[in-house]
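Here's the structure we're looking at; comments come further down.
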Amino acid sequence: MSAGRPVLRVVRLGLLSFPEAVCVQQRCVRGLRPGDAARGRDTLLLCEHRAVYTVGIRQCPGEEEARLRALGADFQRTDRGGLITFHGPGQLLCYPVLDLRRLRRSLRDYVSGLEGAVIGLCRGLGLEAERAKETGVWLRDRKICAIGVHCSRHITYHGLALNCNTDLSWFNHIVPCGIVGKGVTSLSAELGREVTVDDVIPQFLEAFEEEFKCSVEYNDDHMTAEAT
């Protein structure tokens, strides 16, 4: 660990519902608010979700919600940026709850950094990932990682969703992130072999440390939606 580098705790939440993950994020956010800073820590929450479609602050019509719920997935409205996307098993969700002042990053630089961390991971696996005019990480015209964040008083939550061995057929029922004419892909599809969330977490954390010039350490506490 380099002296002077910010230290972020890493908490693995496993497979849980989207609302449960939001509850954990909100508890972490409260810990970083003024007055609670002594007990709050910058945190990377890592998890997978049960099948769910989520929409950002621009939302979507009510009839769309009914149609998607009929497929067997949950549907959640959120306060993140971006349009509709899918989360499910086989997808690495990273929810950084951070005070950007500690990382010395503007919101724009932070989002660019999330993209950079995933690009670094992909290139380490031999994939030529890149940015595009649309937010996220791309392999030509196929999105492999979606990004949508919320930031209030310099504190972030929500984050990124990296397709590892996700069932991509769930995306066939929506226009992912509202982008017409482009598709989605996964690490498994691109590499031609099974790549799980557990497989990529160590490499993702290394790429995150490199991009944000920070250090990460695993947290031993049990963190759930009910208590932290």
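None of the figures in this text is laboratory data; all of them are computed from the coordinates on show. On a predicted model such as this, the values are computed, not experimentally measured, just so you know. Here Cβ is always computed from backbone atoms with ideal geometry, including for glycine, and neighbour counts include all displayed protein chains.
How many nm is it between the label spots at R123 and L191, if each spot is 7 Å from the Cα in line with the beta carbon?
Going by the 7 Å Cα→Cβ label model, 1.8 nm.
Please provide three numbers in whole Å: the alpha-carbon extents of segment 77-128 along the principal axes, with the largest listed first.
32, 31, 16
Quick check: pseudo-label points 7 Å beyond the Cα along Cα→Cβ at R30 and E130, how many nm apart are they?
Going from the R30 label point to the E130 one covers 4.6 nm.
What percent antiparallel are the DSSP beta bridges of segment 107-191, to the nearest 5?
85
Which lysines have a Cα lying under 18 Å from the Cα of K182, excluding residues fewer than 8 positions away in the same chain?
K133, K143
Grab the beta carbon distance between N172 and D141, set R0 = 25 Å, and tell me the FRET efficiency rounded to 0.05. Intermediate values should be presented prior to the final figure.
On the way: r = 16 Å, r/R0 = 0.64.
After rounding, the FRET efficiency stands at 0.95.
Among L107, I147, A51, which residue has its Cα positioned farthest towards the positive end of the charge dipole of segment 39-162, with +1 placed on the Cβ of Lys and Arg, -1 on the Cβ of Asp and Glu, and the dipole taken about the Cα centre?
L107
Using DSSP, restrict attention to beta bridges with both residues in segment 17-152 and report what percent are antiparallel, rounded to the nearest 5.
In segment 17-152, approximately 75 percent of DSSP beta bridges are antiparallel ones.
Could you go through segment 145-160 in sequence order and give the Karplus-derived ³J(HN,Hα) for each residue, using 6.51 cos²θ - 1.76 cosθ + 1.60 with θ = phi - 60°, rounded to whole Hz, and x for Gly and Pro?
Those phi angles translate into 9, 9, 10, x, 10, 10, 9, 9, 6, 6, 9, 9, 8, 6, x, 10 Hz.
Quick check on the chain: of the DSSP beta bridges with both residues there, what percent are antiparallel, nearest 5%?
Around 60 percent antiparallel, to the nearest 5.
If you build the Cα gyration tensor of the chain and take the root of 5 times each eigenvalue, what three semi-axes come out, in whole angstrom, biggest first? Could the numbers behind the result be given before it?
On the way: eigenvalues 138, 89, 54 Å².
After scaling each eigenvalue by five and taking roots: 26, 21, 16 Å.
Taking just the C-alpha trace of segment 104-200, give me its Rg and Dmax in Å.
Reported Rg and Dmax, both Å: 13.7, 43.
To the nearest 20 Debye, how big is the dipole of the chain about its Cα centre, given +1 on the beta carbon of each Lys and Arg and -1 on that of each Asp and Glu?
820
How much net charge surrounds P202 when only the other residues with a Cβ under 12 Å from the Cβ of P202 are counted, with Lys and Arg +1 and Asp and Glu -1?
Combined, the nearby Lys, Arg, Asp and Glu give -3.
Test of understanding: what is the full-extension gain from E206 to A66, defined as 0.36 nm times their sequence separation minus their Cα-Cα distance?
46.4 nm
Can you pull the semi-axes for segment 40-158, root of five times each eigenvalue of the Cα gyration tensor, sorted largest first, whole Å?
Computed over segment 40-158, the values are 25, 19, 14 Å.
May I ask you to order 131-137, 100-106 by the average number of other C-beta atoms within 10 Å around their residues, highest value first?
Per-residue Cβ counts within 10 Å, averaged per peptide and sorted highest first, yield 131-137, 100-106.
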